[in-house]
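Have a look at the structure below before the remarks.
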Amino acid sequence: HVMKFGVQLMREYNYRLASRYARGNVTFNGSFTQDPNNRGTTGDPMADFLLGEASGGTLGSPQGEAMLMHNYSSFFQDNWRVTPKLTLNLGVRWDRFGPPSFHDIPAARYQFQYGSPNYSVTYPTSMSDCGCVQNNLNFSPRLGLAYQATPNTVIRAGFGTYYGEPSIADADGARYFIEPPTWTEISLPTDRLFQPAMVVSQGFPPGLFPVTTVQANSSVLTAQEKKPNQYTVEWFFDVQRQLPGNIVVTASYMGEGARDIAWTQNLNTPLTPGPGTVQLRRPWPYFGSITLYPAGANMNYNGLALKAEKRYSNGLVLIASYTWSHDINDGNGMSLNDDTSSIRDPYNLALDRGNAAYDLRQAFVTSFNYDLPFGKGKHWLNRGGPADWVLGGWQVGGILTLQTGPYFTPTLSVDLANSGTTDFPNALTNANLPSGQRNIHDWFNLAAFALPQQYVYGNAGRGLIEAPGIHNMDLKIGKIFPIRERFHLDFRAEMFNFTNTPNFGSPNATINSPQEGTITSTTGNPRQIQFALKLIF
């Protein structure tokens with residue numbers, strides 16, 4: 001037995017002083033120098049600027065946070081060599097991630113109750129009040145196994161849970177926020193025809209700050225006192241075997257499940273699609289968005305991997321790997337913000353469970369480096385002299401990447417549901433065309449979708465369509481020129497995207513757009529070649 005234990009105490013103090021619009025933001029778009037009879041093609045923003053007549057103006061109060069967080073962790077691990085062929089790794093970890101408290105900053109939390117137009121505002125009772133219920137039961141078991149089945153075969157397996165600190169401390173981690181009216185941004189009205197938002201020589205109107213009341217249509221944040229920490233459950237199993245020729249092959253299965261990931265939920269979305277203005281149908285019509293970061297999004301990953309590695313011998317080193325995997329999620333959380341803005345119904349996240357935006361089903365990557373068998377110390381032309389200078393010491397290497405594309409989501413550009421969220425079409429059939437029928441003008445089956453009825457959410461899911469993949473070959477040709485015993489010159493010619501293969505971007509996924517299904521972009525670069533000389537001594 002080899003036993004280890006440890007503790008970690010971390011005090012994090014994050015200070016941010018922001019000044020967005022604190023000095024004012026003024027815009028000019030040419031509205032006030034347009035010909036009234038020909039507004040579409042006349043007017044100049046610089047001319048408006050010289051006249052001092054602004055088309056837009058915003059002034060905000062200073063904002064920022066002074067957040068204090070205390071995080072505590074401890075672990076115990078036992079590496080147990082049960083037999084000469086079997087080793088177990090047994091362990092447990094405990095974490096407590098403390099939500100931030102705010103120092104010398106007037107933080108607050110708005111609280112709402114469905115069915116009531118009223119709201120309340122809660123403030124910290126002290127500078128150490130986080131407004132939270134601490135999570136004290138974040139215990140994470142760990143188990144690992146290594147077994148030598150034969151002299152050339154090893155079996156490994158593992159399982160563990162891993163808790164994580166909130167991705168963004170002042171959003172999905174905090175329970176108090178810098179809210180209106182303490183923090184407010186005021187936009188000045190303009191008709192962009194006759195009444196400027198402001199006249200520069202007169203400055204911003206006096207008396208705008210401090211603001212003592214919440215302005216209509218303000219956007220605010222709210223939070224739950226008790227909120228679980230995000231965590232993952234991970235597991236794997238692989239078999240590794242050594243073959244003749246210094247070759248090692250590995251077959252693996254890997255899985256992961258992420259739970260309680262924070263996502264963005266607008267609690268002030270109309271409860272159901274329907275007629276009437278969106279603002280008046282909100283649960284609290286006086287406010288704009290009311291954002292909550294609940295811990296409810298999930299993700300699952302499963303993958304099979306094959307890997308072959310030839311260690312250096314006879315001038316050749318090579319690694320080749322192939323992975324088949326599938327990644328499903330509700331939305332990737334705040335750190336990646338994958339599709340969370342396109343959730344159609346914030347009261348039913350399950351409608352948007354589907355292929356993740358980074359779900360790459362198949363990937364093959366191989367890299368190699370080969371010393372050509374010519375020249376001094378090699379199999380042929382090894383006597384030195386001019387032949388060695390010309391033909392000896394050459395190397396060739398490369399990286400080949402073949403990868404299927406990620407998945408993207410079809411949407412609509414109109415709000416047929418009249419809910420203020422992103423609209424989705426109805427799916428009639430599988431939109432993915434056979435590979436031989438795909439082209440940059442019609443990447444997917446345009447007849448696979450239809451517009452839903454008005455005031456109804458479309459039924460097409462997230463991540464339905466596979467985007468173009470990647471086919472890339474990088475090549476290196478090099479030669480080492482020996483000069484003296486302690487000096488040699490290294491020459492390299494490196495070619496990126498050696499075959500000059502275009503890798504296309506994702507097509508237009510707006511179903512009711514004239515450009516539906518059309519690809520207008522590429523990813524990566526065309527062929528690039530670079531040369532280098534390096535003197536080594």
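The values are calculated or read from the model by the stated rules, or taken from the named source; none is laboratory data. Note that the structure is predicted; figures quoted are calculated from it, not measured. Methodologically, a virtual Cβ is constructed for each residue, glycine included, from the backbone with ideal geometry; neighbour enumeration extends over all protein chains shown. Ligands, DNA and RNA are excluded from the accessible area calculation, which covers all protein heavy atoms including side chains. Shrake-Rupley method; radii C 1.70, N 1.55, O 1.52, S 1.80 Å.
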For this session: Might you let me know whether the stretch 255-272 holds any residue that is in a loop (DSSP other than H, G, I, E, B) and surrounded by fewer than 18 Cβ atoms within 10 Å (Cβ to Cβ)?
Result: yes
For this session: Report those strands (runs of 3 or more DSSP E) wholly inside the stretch 21-114 carrying at least 1 residues which are among the polar types (S, T, N, Q) and over 34 Å from the mean Cα position of the chain (by Cα).
Result: 63-83, 86-97
Seminar exercise, completed: Exception for ALA493 within (1) surrounded by 16 or more Cβ atoms within 10 Å (Cβ to Cβ); (2) of a type outside the set (Asp, Glu); (3) at pLDDT 95 or above falls at (1)
Problem set entry | Residues located in the stretch 212-243, provided they are open to solvent by less than 60 Å² (accessible area, probe 1.4 Å) and of a type in the set (Gly, Ala, Ser) | SER218, ALA223
Exercise. Does any residue in the stretch 473-486 that is among the aliphatic types (A, V, I, L, M) come within less than 7 Å, Cβ to Cβ, of a residue that is open to solvent by less than 40 Å² (accessible area, probe 1.4 Å) and at pLDDT below 95 six or more places away or on a different chain, and which pairs are these?
Worked result: ILE480/GLY393; ILE480/ASP490
Exercise. Could you count how many residues in the stretch 193-210 are in contact with a strand residue (DSSP E or B) (Cβ under 7 Å, 6 or more places away or on another chain), part of a loop (DSSP other than H, G, I, E, B) and over 17 Å from GLY43 (Cβ atoms)?
Worked result: 2
Seminar exercise, completed: Scanning the stretch 519-530 for residues that are free of Cβ contacts under 8 Å to residues at least 40 places away in the same chain and assigned to a strand (DSSP E or B) gives THR522, GLN528, ILE529, GLN530
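On the given criteria, is ASN246 open to solvent by 30 Å² or more (accessible area, probe 1.4 Å) and either in contact with a Lys or Arg (Cβ under 9 Å, 6 or more places away or on another chain) or on the phi < 0 side of the Ramachandran plot (or both)? Give the derivation first.
Values: open to solvent by 30 Å² or more (accessible area, probe 1.4 Å): yes; either in contact with a Lys or Arg (Cβ under 9 Å, 6 or more places away or on another chain) or on the phi < 0 side of the Ramachandran plot (or both): yes.
Considered against the rule, which asks whether it is open to solvent by 30 Å² or more (accessible area, probe 1.4 Å) and either in contact with a Lys or Arg (Cβ under 9 Å, 6 or more places away or on another chain) or on the phi < 0 side of the Ramachandran plot (or both), ASN246 comes out as yes.
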Exercise. Restricting the stretch 173-192 to residues that are open to solvent by 30 Å² or more (accessible area, probe 1.4 Å) and assigned to a strand (DSSP E or B), which is farthest from TRP80 (Cα to Cα)?
Worked result: SER187
For this session: Please state which one of ASN512, ASN508 is of a type outside the set (A, V, I, L, M, F, W, C), in a loop (DSSP other than H, G, I, E, B) and touching a Gly at 6+ places or on another chain (Cβ under 8 Å).
Result: ASN508
Exercise. Which one is modelled with the lowest pLDDT among residues in the stretch 1-24 that are open to solvent by less than 60 Å² (accessible area, probe 1.4 Å) and within 30 Å of VAL200 (Cα to Cα)?
Worked result: ALA18
Exercise. PHE287 versus (1) within 25 Å of ILE186 (Cβ to Cβ); (2) surrounded by fewer than 16 Cβ atoms within 10 Å (Cβ to Cβ): which is the lone unmet condition?
Worked result: (2)
Exercise. Considering only residues of the stretch 143-172 that are farther than 24 Å from VAL233 by Cβ, of a type in the set (S, T, N, Q) and assigned to a strand (DSSP E or B), which is most open to solvent (accessible area, probe 1.4 Å)?
Worked result: GLN148
